[in-house]
Amino acid sequence: QAIDDDSNQTGQMLAALLGRPQGTFASKIAVADGTVTVTREIDGGLETVALELPAVVTADLRLNEPRYASLPNIMKAKKKPIATMAPEDLGVDVAPRLITLSVEEPAKRQAGIKVADVATLVEKLKSEAKVI
């Protein structure tokens, strides 16, 4: 589940920042000889792309069948300690790379008008809106 509200931005932005090839919505992945073959569902069927590694691949919900933990394993996991690490400990730079230039509200929409008949509507579309 992406942190970008399923807008499909995170994987593509990461690939752009890293300068790496990308395969999005992968429903099947095969890695061999320095390449990854990504199969994805599109409107017309399936599309398969081959990418040189390293690459960024985003997953579709059909990629894997989830594993469900059993109750004994859940109880064992609760007892295990969790190591806390800082990004600096792993040599990761977390400095922001995107800059927000401005945030503005859109212009207020003008109120609509009612017209008496189709002829008046067509006339207003021609003279005022200039769309026909």
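Observations
- Residue within the stretch 54-67 that is acidic (Asp, Glu), modelled with pLDDT of 95 or more and within 30 Å of Leu98 (Cβ to Cβ) present: no
- Qualifying residue in the stretch 33-40 (condition: charged (D, E, K, R) and touching a residue at least 40 places away in the same chain (Cβ under 8 Å)): no
- Test for Ala83: is it modelled with pLDDT of 90 or more and surrounded by 10 or more Cβ atoms within 10 Å (Cβ to Cβ): no
- Options Gly11, Gly19: the member that is closer than 15 Å to Ala55 by Cα, in contact with a strand residue (DSSP E or B) (Cβ under 6 Å, 6 or more places away or on another chain) and not hydrophobic (A, V, I, L, M, F, W, C): Gly11
- Entirely in the stretch 14-61, the strands (runs of 3 or more DSSP E) that have 1 or more residues that are out of contact with any Ser or Thr (no Cβ under 9 Å at 6 or more places or on another chain) and either at positive phi or surrounded by fewer than 18 Cβ atoms within 10 Å (Cβ to Cβ) (or both): 22-32, 35-42, 45-52
- Residue check, Met85 in a helix (DSSP H, G or I) and either in contact (Cβ under 8 Å) with a residue 40 or more places away in the chain or of a type in the set (A, V, I, L, M, F, W, C) (or both): no
- Pairs are defined by a Cβ separation below 9 Å, a sequence spacing of at least 6 or placement on different chains, a first member in the stretch 121-132 that is open to solvent by 80 Å² or more (accessible area, probe 1.4 Å), and a second member that is at pLDDT 90 or above and assigned to a helix (DSSP H, G or I); the pairs so defined are Val131/Leu125; Ile132/Val122; Ile132/Leu125; Ile132/Lys126.
- Scan of the stretch 88-132 for residues that are more than 30 Å from the chain's Cα centre (by Cα), among the hydrophobic types (A, V, I, L, M, F, W, C) and assigned to a helix (DSSP H, G or I), ordered by number: Val118, Ala119, Leu121, Val122, Leu125, Ala129
The values are calculated or read from the model by the stated rules, or taken from the named source; none is laboratory data. This one's a predicted model, so the numbers in the text were calculated from it and none came from an experiment. So basically every Cβ, Gly included, is an ideal-geometry build from the backbone, and we count neighbours across all protein chains shown. With ligands, DNA and RNA removed, areas are computed over all heavy atoms of the protein, side chains included. Shrake-Rupley method; radii C 1.70, N 1.55, O 1.52, S 1.80 Å.
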